[in-house]
Amino acid sequence: MQNELSGSDSSVKKRRDICKKLARYLSWCGFNTKVFNVGNRRRVVDNVTKSSETGTSHDAKFFDHSNAEAASLREKVAAETLNESIEWLKQGGKVAIHDMKLQGPDYINMDPEEALKDFRNRISNYEKVYQTISDEEESRNLRHGESLYNMVGRLGGDSSLSANGKKYAEALYEFIENREMIDGEKEFDRKQNDSTWSLNSKVEALRVFTSTLKRTLETAEKFEEDPEKYEISHIKFLNEIYAGAFEDMTYEEIKLKHPDEYLARQEQKLQYRYPGAGGESYLDVIERLRPVIIELERMRVDALVVTHQVVMRTLLAYFTGIPLCDVPKVKVPLHTLYCLQPKPYGADLHRYAYDPKTGKIEYQGEGYEFV
């Protein structure tokens, strides 16, 4: 598939790299995906024709659609990149993305004012032949409080929150409520290590998504009291992985009564499907989460997603580009909030956790961890 998108000066600065996002989504879905970038190949050609001290020879005139010589070179480079992607597909690749990317490191060593002027001229030339795309949302965040089943290590079920889980729910509501208006935008107070979670949705209602199970409904119960500020949706797709015949059991019980199944799951957690009617695997969860991903991607306001361990791992894998094989290894403790700020090449991730001693949710660090 081929990408040829552009926009105005400001929208180009803000827009996501569509090809990278598409590659991330398809890889998350299980397809062997690779981006073939025309701009990278063009810059190899450019290096032969320019001095490293003077910047790029592929200035705005090079991208003028009326420049026949340049157009011929652009088409040649695009064709070579396309042939490379076809060869990759023949060797076993599943999805090749032919990226005719419209911005890149073409202005190294150029005077900033000259580079900006040339970039704007280049955008003007793009707008004559390409269609503008709109801006996208900026951030979202994600887990439920401890349930009665969590206390005893039982799988699945639909138990209510424990006393600790209810305290976490109260702290979560307070944490979200304590956003402040800074420069016209909602933003959390600066936390430890000078970390800030910025919410760019201004005065719009925060979207809150939960599963249909009690432990997430009760975690987000407080938000239901203010429908003007919080728009709540309960989505079955966000339910925890269904353990089939092993629902309501502990792992120790499974190991004792079904040792072969226990071992099979240990060896292939990603592909392993729980036995019995409705039993699911991680891959099944990914399949049913596709509509959720599409909904989150199309949103232009922030969202709070209250869900479960396997679903959390899967969502974090999508937004941060974690390889599928590593999804079951992502550490997702109870009473932990992951704040995601999507970027063109993935997402910035900040972790916050509930401290029972202070009764507050506090900053823990950046990125994800593995078990």
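The values are calculated or read from the model by the stated rules, or taken from the named source; none is laboratory data. These figures come from a predicted structure and were not determined experimentally. Ideal geometry is used to build each Cβ from the backbone, glycine not excepted, and the neighbour counts take in all protein chains shown. Just the protein is used for accessible areas: all its heavy atoms, side chains included, with ligands, DNA and RNA removed. Shrake-Rupley method; radii C 1.70, N 1.55, O 1.52, S 1.80 Å.
For the listed residue pairs LYS214/LYS357; LYS166/LYS360; LYS269/LYS329; LYS257/LYS331, the alpha carbons are over 21 angstrom apart in LYS214/LYS357; LYS257/LYS331. Here the ratio of the Cα radius of gyration of the stretch 279-371 to 2.2 N^0.38 Å is 1.11. What FRET efficiency would be calculated for the residue pair THR212, PHE31, taking the C-beta separation as r and a Förster radius of 22 Å, to the nearest 0.05? Taking R0 as 22 Å, the efficiency between THR212 and PHE31 is 0.15. When all protein chains stay in place and ligands, DNA and RNA are ignored, the 1.4 Å accessible-area order of LEU263, LEU82, LEU256, LEU340, largest first, is LEU256, LEU263, LEU82, LEU340. When the trypsin sites (Lys or Arg not before Pro) in the stretch 337-371 are filtered for DSSP coil states and for at most 10 other beta-carbon atoms within 10 Å of their beta-carbon, the remaining sites are LYS357. Give a quick list of trypsin sites (Lys or Arg not before Pro) in the stretch 218-253 that DSSP marks as loop, anything other than H, G, I, E or B, with at most 15 other Cβ atoms within 10 Å. Here the trypsin sites (Lys or Arg not before Pro) that fit, given the DSSP loop and packing criteria, are LYS229.
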